[in-house]
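To start, the structure itself, in C-alpha cells.
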Amino acid sequence: MGLKKARKDMKKFQKERGWEKFNTPKNLMLSLNVEAGELLSLVEWMNDEQVGKALENPDFFRAVKEEIGDVFHHLLNLCNQID
C-alpha cells in the first residue's frame, strides 16, 4: 500500500467514526509524542544487547509492533490534518 492510499484510508476510517473533529494539529502532535513515549518505555532501561534479545521474544516484539503502529497512525493523521 502506498502512502497516498494509506492517508486516504485513514481519512475514511476517521470520518466513519466521527473522530476527525478531535484531529487538530495540536492534539495529534501531543498524541504522537505520547505514543512515541510508550514505544520508548519498552526499552527505557535496556542496553542495545538487551533490546536485541528482547526483540526475539514474540510478546515483546508484538508490543513493539503495536506501538510502532500507534506512532504511524498518529503521524499519518497529522499529515492528513496539515496536508
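Inter-label distance, Glu66 to Leu30: 2.4 nm, where each label sits 7 Å from its Cα along the C-beta direction.
A simple charge model with +1 on the Cβ of Lys and Arg, -1 on the Cβ of Asp and Glu and nothing else charged puts the dipole of the chain at about 780 debye relative to its Cα centre. Based on the Cβ-Cβ distance from Lys4 to Ala54, what FRET efficiency comes out when R0 is 41 Å, to the nearest 0.05? Efficiency at R0 = 41 Å is approximately 0.75.
Distance between the C-alpha centres of the range 1-27 and the range 43-60: 32 Å, rounded to the whole angstrom. On full extension, the segment bounded by Lys12 and Leu40 gains 7.1 nm, given 0.36 nm per residue less the C-alpha separation.
For the chain, averaging the sequence separation of C-alpha pairs within contact (under 8 Å, six or more residues apart) and dividing by the residue count gives a relative contact order of 52 percent. Within the straight-line cut-off of under 12 Å between alpha carbons, none of the aspartates and glutamates are reachable from Lys5, sequence neighbours fewer than 8 places apart in one chain being disregarded. Sites counted here are GluC sites (Glu not before Pro) in a DSSP loop (not H, G, I, E or B) having no more than 16 other Cβ atoms within 10 Å; the longest part of the chain that contains none of them is 1-43. Residues in the range 67-75 carry Karplus couplings, in order, of 5, 4, x, 5, 4, 4, 4, 5, 5 Hz; the curve used is 6.51 cos²θ - 1.76 cosθ + 1.60 with θ = phi - 60°, and Gly or Pro positions show x. Couplings for the range 43-60, taken from phi via the Karplus curve 6.51 cos²θ - 1.76 cosθ + 1.60 with θ = phi - 60°, read 10, 3, 10, 9, 8, 4, 5, 5, 5, x, 5, 4, 5, 7, 7, x, 5, 5 Hz in order; Gly and Pro are left as x.
For the chain, the longest piece that avoids every one of the chymotrypsin sites (Phe, Trp or Tyr not before Pro) found in DSSP loops with at most 15 other C-beta atoms within 10 Å covers 46-83.
Every number in this text was worked out from the coordinates using simple rules, so none of it is lab data. Remember, it's a predicted structure, so these values are computed and weren't measured experimentally. Note: ideal-geometry Cβ built from the backbone for every residue, glycine included; neighbour counts use all protein chains shown.
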